[in-house]
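Below is one structure; the comments refer to it alone.
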Amino acid sequence: MARKAKELSALEVGRLAVPGLRFVGGVAGLALQVAPSGARSWILRVMIGGKRREMGLGGFPDVTLAGAKEAARAARHKIKEGVDPIGDAKAKRSALSAARAASMTFSQAATAYIAVMESEWSNAKHASQWRNTLNSYAFPVIGNIYVREIDQSHVMRVLEPIWLTKTETAKRLRGRIENVLDWSRVRGYRSGENPARWRGHLDMLLPTPGKVQKVKHHPALPYDELGEFMARLRQQEGVGSRALEFAILTAARSGEVRGALWSEIDLPDATWTITAGRMKAKREHRVALNKEAVALMKSLPRFSELVFPSNKGTELSDMTLTAVLRRMKRADITVHGFRSTFRDWCSERTNYPRDVAEMALAHTIGDKVEAAYRRGDLFEKRRLMMRDWGKFSIQVQAVAGVVPIKGKKKM
């Protein structure tokens, strides 16, 4: 049994300031520990299972001398009854932690899941799409519901209103809800079957997406209308207009154009080399610039490393080029559709082989055997094809010179 020290008064305890452990009496083993920093806390030294242990009882003066004695007596009573008060306290803290975990809401779980997975998503736009769809459709319905309580009825309340009208969005949303709930189950925030799973569950309640809405290809401009369209486009002002023009002349993707850097472009050699990290297939891609594209490049001011910077000096948003089409009253076509325009022209108006056109579009080769033997990029053949594409883009009528970007000076 621990020896009782001389019992100190509350006033005497308040005066203890020398670093170290000072037993205060009243209850065997009760001491005030003074840290070098001056912080003070209560310690109860006891024997549990034949081993000496130290149990924290809280900080001083938040826990008074009287409070420390009461806690110490309670702890010693538990030991006498065969209960380990230290283990008991740990078990209670663990139970509290588990209870807090089980109280995580869907919005909290989704935010945590995105934070974990975002580092492995190669496209930053992917995380943005996750947040946008969940914010728009899921959070207003189930965002504040604990993940342990979410069931089939909750998931259906999210999906049913948009399943027939926004099928593709709803399909992706279902998958994202399923992923968040799976993550929650693995982390111990919920248990049981996933109410957002498709096979053998929601497929019995909702129409198959492919039968609800046929896949729509990006609306494209008929190639016979290209010359007239380009003539109008060259009269449009702004960085977005020039970026769209360059995208059409190179048959490149919007993201490749919006992220284009001057360091990637070799005007004397009329070549644009896009690094692997910026390509969909993660392989470096060379683009043969026709004389129309080179003339466009030479007309642009260089006030940023980006070829087509926004007013803030950052990369243009993916809606900037679409906004140009809307200003031109051409909401019936899309930016990506111009790649189809180019492909249709290649097939129907030229004799260039299919693989030359596919290389120009930076499409991956589906046949693994063919891909294994393909070493070159058919660049010189592509240069001839892009030369003819540039000529075709101005065939319909004479076109005025490129409209400069207002408010910018050449460096």
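The numbers here are math on the coordinates, done by the rules we state, and not lab data. Please read these numbers as outputs of a predicted model, since none were measured by experiment. In this analysis, Cβ positions are derived from the backbone assuming ideal geometry, glycine residues included, and neighbour counts consider all displayed protein chains.
For Rg and Dmax of the Cα atoms in Å, the choices are (i) 34.7, 107; (ii) 21.1, 74; (iii) 21.3, 70; which was calculated from the structure?
Here Rg and Dmax of the Cα atoms in Å agrees with entry (i).
Between V186 and K51, what FRET efficiency follows from the Cβ-Cβ distance if R0 is 35 Å, with the result rounded to 0.05?
Using R0 = 35 Å, I get an efficiency of 0.40.
If the elastic network links every pair of Cα atoms under 10 Å, which of A231, A247, A71 fluctuates the most in the Gaussian network model of the chain?
The residue with the greatest mean-square fluctuation here is A71.
So if we plug the beta-carbon distance of D88 and A10 into 1/(1 + (r/R0)^6) with R0 = 25 Å, what FRET efficiency do we get, rounded to 0.05?
Details: r = 28 Å, r/R0 = 1.13.
Taking R0 as 25 Å, the efficiency between D88 and A10 is 0.35.
For a test of the definition: using alpha carbon positions, the gyration tensor, and the 1.5 limit on a/c, classify segment 106-212 as rounded, prolate or oblate.
Because a/c hits 1.5 or more and a/b fails to exceed b/c, segment 106-212 counts as oblate.
Between A281 and D62, what is the label-to-label distance in nm when each label sits 7 Å out along the Cα-to-Cβ direction?
A separation of 6.2 nm, rounded to one decimal place.
Could you give the length gained by full extension between N311 and D377, i.e. 0.36 nm per residue of separation minus their alpha carbon distance, to one decimal place?
Extra length from N311 to D377 when fully extended: 20.2 nm.
Place +1 on the Cβ of every Lys and Arg and -1 on the Cβ of every Asp and Glu in the chain, take the dipole about the Cα centre, and give the residue among Y146, S184, A35 whose Cα lies farthest towards its positive end.
Of the listed residues, the answer is A35.
Full-extension gain between E120 and K391, please, as 0.36 nm times their residue separation minus the C-alpha to C-alpha distance.
The E120-K391 span can extend by a further 93.3 nm.
Let me have the 222 nm mean residue ellipticity of the chain computed from DSSP H runs of 4+ only, each contributing -39500 (n - 2.57), with the sum over all residues rounded to the nearest 500.
Result for the chain, helices only: -13000 deg cm²/dmol.
On a full-extension model of 0.36 nm per residue, what is the gain between S304 and T273, subtracting their alpha-carbon distance, rounded to one decimal in nm?
The span from S304 to T273 would gain 9.4 nm if fully extended.
For an R0 of 51 angstrom, estimate the FRET efficiency from the Cβ-Cβ distance between L164 and R354 and round to the nearest 0.05. Mind showing how you got there, number by number?
Values: r = 38 Å, r/R0 = 0.74.
Computed FRET efficiency for L164 and R354: 0.85.
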